[in-house]
Amino acid sequence: MGTVRRIYVEKKPDYAVKAKELLGDIKGYLGIKSVDKVRYLIRYDVENISDEIFDRACTTVFSEPPVDDFYLEKIDTNADDKIFSIEFLPGQYDQRADSAVQCVQFLRAEENPTIQTAVTYVLEGKVSDDEFERIKAYCINPVDSREAAFEKPETLQNVFAIPADVAIFDKFTTMPEDEFKALYDSLGLAMTYKDFCFIKEYFKDDEKRNPSFTEIKVLDTYWSDH
């Protein structure tokens with residue numbers, strides 16, 4: 001549990017409709033003749049799933065044995081192949097991943113997997129770097145998608161950076177007049193100096209503490225809107 005597993009799923013040659021369509025677009029619409037073959041694979045990254053259910057899901061959820069081949073962790077490619085993957089932008093709904101999660105839970109209700117998907121393209125042939133970039137630009141819709149990293153992530157859980165400590169105005173409520181005026185001038189605030197003095201008295205008498213930089217900026221935004 002907790003280890004990210006990767007599976008690639010590819011339609012067998014007789015059913016590889018999307019791969020054949022893209023090859024036709026590349027040769028016809030883009031006019032690139034160097035591509036001999038296109039492979040179209042669905043990539044699943046899966047975390048928080050038991051060994052037993054993952055093994056069952058490989059041939060019941062992620063792939064259909066009569067029409068699909070699947071590969072664990074990596075795919076065999078040629079040295080000259082050009083490879084890239086496309087994933088949804090963060091926040092975009094990934095219906096394929098959501099459906100896979102629900103299907104895994106049909107296999108065992110206690111499972112709570114995290115699944116992310118991408119589409120991996122393999123271009124066979126003597127494709128130049130310029131042609132490769134043109135093909136990627138044709139396939140990636142920047143409105144909802146982006147090129148995905150090749151490396152498998154260590155985790156699929158969102159990791160958020162710990163915010164830095166909030167800056168506090170030291171001695172704000174006890175600062176001498178000349179220093180307080182210099183602080184006001186340095187901040188470029190919309191409020192007047194009189195307003196700034198009012199805030200000083202408020203934090204001194206009511207809050208009995210020094211304000212943070214964020215609090216002063218929020219108050220300044222309030223003043224600028226009134």
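The values are calculated or read from the model by the stated rules, or taken from the named source; none is laboratory data. Being a predicted model, the structure only gives us computed values, none of them experimental. Counting neighbours? That spans all protein chains shown, and the Cβs are built from the backbone with ideal geometry, glycine included. In case anyone asks, the SASA skips ligands and DNA or RNA and just uses the protein heavy atoms, side chains included. Shrake-Rupley method; radii C 1.70, N 1.55, O 1.52, S 1.80 Å.
Of the residues 17, 35, only one is buried (at least 20 other Cβ atoms within 10 Å of the Cβ) and farther than 19 Å from residue 103 by Cβ; which? Before you say what the answer is, go through the steps one by one.
Numbers: 17 fails: buried (at least 20 other Cβ atoms within 10 Å of the Cβ).
Testing whether each residue is buried (at least 20 other Cβ atoms within 10 Å of the Cβ) and farther than 19 Å from residue 103 by Cβ leaves just 35.
Which of the residues spanning segment 80-108 are open to solvent by less than 30 Å² (accessible area, probe 1.4 Å), over 16 Å from residue 63 (Cα atoms) and more than 19 Å from the chain's Cα centre (by Cα)?
Selection gives 81 alone.
So residue 26 ticks every box in (1) touching a helix residue (DSSP H, G or I) at 6+ places or on another chain (Cβ under 8 Å); (2) under 16 Å from residue 156 (Cα atoms); (3) part of a helix (DSSP H, G or I) but one. Which box is left unticked?
(2)
Pairs only if they're at least six apart or on different chains, beta carbon under 8 angstrom, first in segment 54-73 and more than 17 Å from residue 6 (Cβ to Cβ) and touching a residue at least 12 places away in the same chain (Cβ under 8 Å), second open to solvent by 80 Å² or more (accessible area, probe 1.4 Å) and of a type in the set (Phe, Trp, Tyr); list them, first residue then second.
Listed by first residue and then by second, the contacts come to 67/15.
Out of 206, 195, which single residue is farther than 20 Å from residue 167 by Cβ and out of contact with any helix residue (DSSP H, G or I) (no Cβ under 9 Å at 6 or more places or on another chain)?
On the way: 195 fails: out of contact with any helix residue (DSSP H, G or I) (no Cβ under 9 Å at 6 or more places or on another chain).
Sole residue among the options that is farther than 20 Å from residue 167 by Cβ and out of contact with any helix residue (DSSP H, G or I) (no Cβ under 9 Å at 6 or more places or on another chain): 206.
Quick one: residue 109 ticks every box in (1) in contact (Cβ under 8 Å) with a residue 40 or more places away in the chain; (2) more than 26 Å from residue 13 (Cα to Cα); (3) of a type in the set (A, V, I, L, M, F, W, C) except a single one, so which number is it?
(1)
Filtering segment 190-226 down to residues that are in a helix (DSSP H, G or I) and acidic (Asp, Glu), which residue is nearest to the chain's Cα centre (by Cα)? Talk me through it step by step, then tell me what you get.
Of the residues in segment 190-226, the ones in a helix (DSSP H, G or I) are 193-207, 213-224.
Adding the requirement that they be acidic (Asp, Glu) leaves 195, 201, 205-207, 215, 220.
Working: 195: 43, 201: 46, 205: 47, 206: 44, 207: 41, 215: 31, 220: 34 Å.
Among those that are in a helix (DSSP H, G or I) and acidic (Asp, Glu), it is 215.
Could you pull out the residue among 35, 46, 9 that is touching a residue at least 60 places away in the same chain (Cβ under 8 Å) and touching a Ser or Thr at 6+ places or on another chain (Cβ under 6 Å)? Write out each step before concluding.
On the way: 35 fails: touching a Ser or Thr at 6+ places or on another chain (Cβ under 6 Å); 46 fails: touching a Ser or Thr at 6+ places or on another chain (Cβ under 6 Å).
Being touching a residue at least 60 places away in the same chain (Cβ under 8 Å) and touching a Ser or Thr at 6+ places or on another chain (Cβ under 6 Å) holds for just one of 35, 46, 9, which is 9.
Filter segment 175-189 down to the residues that are open to solvent by less than 40 Å² (accessible area, probe 1.4 Å) and assigned to a loop (DSSP other than H, G, I, E, B) and list them by number.
Within segment 175-189, 175, 189 meet the criteria.
State the number of residues belonging to segment 109-128 that are exposed (fewer than 14 other Cβ atoms within 10 Å of the Cβ) and either under 27 Å from residue 38 (Cα atoms) or charged (D, E, K, R) (or both). Walk me through how you get there before you give the answer.
Step one: list which residues in segment 109-128 are exposed (fewer than 14 other Cβ atoms within 10 Å of the Cβ), which gives 109-110, 112, 126, 128.
Subset that is either under 27 Å from residue 38 (Cα atoms) or charged (D, E, K, R) (or both): 110, 126, 128.
Residues that pass the stated criteria total 3.
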